[in-house]
Amino acid sequence: MNKIIFSIAVCLLSVTILSSCKQEKKLPFYGERHAETTTDANGTEKVDTVYQTIPSWSFLNQDSVVTTNKVTDGKIYIADFFFTSCTTICPTMHRNLMTVYNDFKTNPDVMFVSHTIDFKYDKPSVLKKYAQKLGVDGAKWQFLYGSKDSVYTLAEKNYLVAVGEDSTAKDGYIHQGYLVLIDKDRRIRGAYDGTKTDQVEQLKKDIPVLLAEYKK
Amino acid sequence: MRKYIINSFFLVSVIAVIYSCQNQETIDLQNYMSNGKSVYVAKCQNCHGENGEGLGQLAPPLTDTVFLKTNKNRLACIIKNGANETFVINGKEYKEKMPAFPELADIDVAQVMVYITNSFGNKQGFVDYKQVSTQLQNCK
């Protein structure tokens with residue numbers, strides 16, 4: 001009898017130990033990084049890893065209002081590059097992103113930012129119409145228009161998404177369909193192929209993980 | 001007893017013969033459906049969706065069986081040459097331009113048309129590509 005009680009106790013103990021050992025999941029950091037040595041008030045030196053961040057930006061949004069990175073302050077956001085007359089990957093990307101948008105519609109800590117790469121045609125009024133027809137209303141999902149230089153540099157250097165003009169492509173532009181997840185400190189925490197449903201599902205799972213990092 | 005066995009053998013073989021002898025049109029339809037699906041995935045699905053659900057008001061759904069029936073003779077031309085007019089589908093207006101697909105051969109158009117008109121709740125049956133060819137020559 002004692003033996004049985006003892007073995008049950010051992011089992012219970014091991015289960016508790018095992019379950020408490022689960023490590024908290026954290027999303028990776030993308031892009032370049034470097035070490036920085038800082039000295040605190042007591043004079044002790046500390047080495048910190050500094051990750052690549054998205055620089056400040058300023059564009060016109062779908063309401064022709066000057067919009068800066070300030071709108072994303074205190075929020076995590078998902079950024080992508082598209083253009084309204086695109087018939088290849090963009091409709092699929094935005095169809096999938098719409099499902100993410102609908103899932104997090106009521107969460108004030110999540111935002112969406114779509115940059116057009118068609119600097120010739122996609123003026124704010126065109127973006128507004130596109131947003132409405134996609135079924136997006138309000139400031140939670142910003143559609144941004146800017147000069148070729150500013151948008152293309154931001155895409156390639158900072159969000160690490162390849163974009164370009166290409167006269168041989170069907171619609172005149174080529175670009176990658178990544179949905180890039182940015183944290184509240186403007187660091188890149190994920191990149192998901194917006195044309196693949198399984199990766200978009202992963203994004204939906206990763207958003208709460210990233211939000212949880214800030215809850216402590 | 002022996003009679004029974006022979007009889008049932010006979011019956012089974014008759015059924016087997018009938019079953020394997022599907023008519024040519026059913027085979028053609030299956031053939032068009034499977035090829036048409038590949039064309040659909042490559043050319044149409046981006047905008048019209050995996051289940052023909054469309055995309056907001058940017059791309060109309062392909063689930064309006066009434067629209068597809070009344071415009072039956074125009075479908076091939078729309079698939080190949082695109083469209084730049086307002087369509088009312090499921091009671092909603094769609095004004096976006098549909099791009100042309102000049103790279104599609106007549107047989108591709110026929111197959112994808114048969115696929116669309118027999119999926120997403122549609123059931124229009126088989127259309128031969130010769131008929132589609134004639135339609136394509138008379139596009140407005």
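Compare the peptides A:62-70, A:177-185 by average per-residue count of other Cβ atoms within 10 angstrom and give them in order, highest first.
Ranked from most to least packed, the peptides come out as A:177-185, A:62-70.
Nearest-5 percent of antiparallel DSSP beta bridges in chain A?
70 percent
Return the Rg/Rh value of the protein assembly as shown, two decimal places, where both radii are evaluated on C-alpha atoms and Rh is the Kirkwood radius.
Value, to two decimals: 1.15.
Compute the accessible area per residue over region B:24-137, keeping the other protein chains in place, probe 1.4 Å, unit Å².
Result: 52 Å² of accessible area for each residue.
Describe numerically, in nm with one decimal, the distance between label points set 7 Å from Cα along Cα→Cβ at B:N7 and at A:K25.
For B:N7 paired with A:K25, the spin-label model returns 6.5 nm.
What average number of partner chain Cβ atoms lie no more than 10 Å from the Cβ of the residues making up B:99-105?
Per-residue shielding by partner chains comes out at 1.
Between region B:44-122 and region A:139-168, how far is it from one alpha carbon centroid to the other, in angstrom?
Between the Cα centre of region B:44-122 and that of region A:139-168, the gap is 31 Å.
Helix hunt in chain B: which complete DSSP H runs extend at least 15 Å axially by C-alpha with mean Kyte-Doolittle at least 1.0?
Result, helices passing both filters: B:2-20, B:106-117.
Would you mind putting A:44-56, B:36-48 in packing order, based on average other-beta-carbon counts within 10 Å, highest first?
Highest mean packing first, the order is B:36-48, A:44-56.
Past the 26 angstrom mark, what percentage of all C-alpha to C-alpha distances in region A:55-213 do you count?
Summing the P(r) of region A:55-213 above 26 Å gives 17 percent of all pairs.
Collect residues whose amide H, placed 1.01 Å from N in the peptide plane, falls under 5 Å from the amide H of A:L144; neighbours closer than 5 in sequence don't count.
Amide H neighbours of A:L144, under 5 Å, 5+ apart: A:S114, A:H115, A:T116.
Angle between the Cα long axis of helix A:197-213 and the longest principal axis of chain A, 0 to 90 degrees, nearest 10?
60 degrees
Could you tell me how many degrees, from 0 to 90 and to the nearest 10, lie between the Cα long axis of helix A:2-20 and the main elongation axis, the longest principal axis, of the Cα atoms of chain A?
It works out to around 30 degrees.
Given just the C-alpha atoms of region B:16-140, how large is their convex hull per residue in cubic angstrom?
Value for region B:16-140: 107 Å³ per residue.
Please give the helix A:124-134 orientation as an angle from the longest Cα principal axis of chain A, in degrees from 0 to 90, rounded to the nearest 10.
50 degrees
Using only C-alpha atoms and all pairs of different ones, pull out the Kirkwood radius for region A:74-135 in Å with one decimal.
This gives a value of 12.4 Å.
For region B:24-137, what is the relative contact order in percent, using Cα pairs closer than 8 Å and at least 6 residues apart in sequence?
31 percent
What is the percent carbon and sulfur in the accessible area of region A:108-216, measuring with a 1.4 Å probe over the protein chains and ignoring ligands?
Its accessible area is 51 percent carbon and sulfur atoms.
The values are calculated or read from the model by the stated rules, or taken from the named source; none is laboratory data. Note that the coordinates shown come from a computational prediction; the quantities given were computed from them, not determined experimentally. All Cβ positions, even for glycine, are placed from backbone atoms using ideal geometry, and neighbour counts span all protein chains on display. Surface accessibility is based on the protein's heavy atoms, side chains included, excluding ligands, DNA and RNA. Shrake-Rupley method; radii C 1.70, N 1.55, O 1.52, S 1.80 Å.
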